[in-house]
1. Would you mind stating whether I385 is modelled with pLDDT under 95 and either under 29 Å from L341 (Cα atoms) or under 21 Å from the mean Cα position of the chain (by Cα) (or both)?
2. Is there a residue being within 22 Å of T295 (Cα to Cα) and among the small types (G, A, S) anywhere in the range 122-144?
3. Of all residues in the range 131-172, which are in a strand (DSSP E or B) and more than 20 Å from H91 (Cα to Cα)?
4. Where in the range 176-279 are the helices (runs of 4 or more DSSP H), entirely inside, with at least 2 residues that are in contact with a strand residue (DSSP E or B) (Cβ under 9 Å, 6 or more places away or on another chain) and not aliphatic (A, V, I, L, M)?
5. May I ask you to list the residues in the range 28-71 that are under 19 Å from L433 (Cα atoms), within 26 Å of the chain's Cα centre (by Cα) and at pLDDT 95 or above?
6. Return the pair list, or none, for Cβ contacts closer than 6 Å from residues in the range 144-162 that are under 17 Å from K196 (Cβ atoms) to residues that are assigned to a strand (DSSP E or B) and small (G, A, S), at least 6 apart or on different chains.
7. Please go through the range 311-336 and give me each residue that is part of a strand (DSSP E or B) and within 13 Å of the chain's Cα centre (by Cα), ordered by number.
8. Name the pairs: first residue in the range 228-254 and closer than 15 Å to Q206 by Cα, second residue surrounded by 23 or more Cβ atoms within 10 Å (Cβ to Cβ) and of a type in the set (K, R), Cβ to Cβ under 6 Å, at least 6 apart or on different chains?
Amino acid sequence: MHTDQQIKQLSSTASLCPVCLRRIPAVREQQGDTVYLVKHCPEHGNFRTVIWRGPVEFSTWLRPKKPSTPQLSFTAVDKGCPFDCGLCPEHGQHTCTALIEITSRCNLHCPVCFADAGSTENKMDEPSLTRIGFLYDRIMAASGPCNIQLSGGEPTMRTDLPAIIALGRDKGFPFLQLNTNGLCLAEDPNYAISLKKAGLSSVFLQFDGLCGATHTTLRGRDLTAIKEQALLHCQAAGLAVVLVPTLVPGVNTHEVGAIIDYAIRFAPTVRGVHFQPVSYFGRMQKDPADEDRLTLPEVLQLLEEQSEGTLTAENFSPPACEHALCSFHGNFLIQENNSLLPLGHAKTACCSGGEPQTVIPSALEGREKSVAFTARQWSLPVMAIAAETSSRAGKQAKVDDDLDRFLARARTHTLSISAMAFQDVWTLDLERLRGCCIHVVSPEGDIIPFCAYNLSSTLGKTLYRQVGQQ
């Protein structure tokens, strides 16, 4: 911290004590180009954590929007946020993406794991297909046909995964995504085909980099070849893929540009890269120093530096749905020379595809456009499948002129680049939490903001995730 720079108090919010999880006041303070969340617990003292650092001005990023309440809540307000999640009537956003954890088992034991997933053998806590149907119904009642992500643990440990996917389709959910490490997808090419036939829309593939050392540090073994084999099998099956790197300072931040280049190489199967700066919950419960943090503007800076200026911060914007401090998004056309052409501008581009930052979208409009855009972008367009089939057959579509060529490519070869900064017990901001649109469905059927569900104290105490699930 630079002591010669003036401290400016920006705004106030509320948070939790990292030790006892007591609700306490918090303020956002700026010093130079760094913004801190500062809070004090009467019992455990002062906490000051960096939440924004880098050349993107904090004040220019904030984006007002109208709050949106769930169409049906499952819990009343008693103790107040964040202790009445379920959702409660005071939550400020519909569900855009709902996660259902269908198993706590996993075939890896990653040093970095927000779910602190367990062994490959314990099936005691796995919901039955009937129970999963109940969870689908709860989501539909709370927020309608939002996007579904099947998660865990490692969901491919379930032998009935195709039936779970098909059930979600039958329940009326148009977009189902699989959150996976890719091991099972890599083992058998027919597995990806079976998931596609069941109705799977997209694979959210854990993908931390291209170096064996990166995988060994974050996942416990070199998975480089396995990730590519999984991707090739998805490509053959016509399954869309989103690469999901967990970024950890000093481990894989140097690979940001290489991951983007890799995604371009596998377009149009790869529909996006979704960076997730490391958060300290689950299996990462240490008390992090500021140098252990990676904030959204720093990710933007890495994108600009490692693309040699091809990508700039101006190509990205705050989200249309969740709180502005939670994420950023940009959409790009992959040109024939594999360069990226921004689609839209920071003043107009967003994950909903485009209203200016100066306009406050209606709550329902922002939510519906965000859900629709994500489903559309992260799925493989029918034209892309047809184009790949035609290419393999040696046929070339006739292109009349440059405009036709551009429009044809824009229907298939777009790439979304995004990042989401999840909150842990040090960075938790209840203003942000109330605007969360990514929710976990608990085993009981409560619908809980992702960061609240996974939150853990320095002593390992949780608010919602049950110890028995892990």
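The values are calculated or read from the model by the stated rules, or taken from the named source; none is laboratory data. Predicted model only: the values in this text are computed from it and were never measured. All Cβ positions, even for glycine, are placed from backbone atoms using ideal geometry, and neighbour counts span all protein chains on display.
1. yes
2. No, there is no match, as no residue in the range 122-144 is within 22 Å of T295 (Cα to Cα) and among the small types (G, A, S).
3. Passing the criteria: Q149, L150, S151.
4. Hits in the range 176-279: 224-237.
5. Within the range 28-71, R28, V35, Y36, L37, V38, R48, T49, V50, I51, W52 meet the criteria.
6. Here the result reads I148/A98, each pair linking the range 144-162 to a residue that is assigned to a strand (DSSP E or B) and small (G, A, S).
7. S327, F328, H329, listed by residue number.
8. That search, which allows pairs on different chains as well, returns A240/R271; V242/R271.
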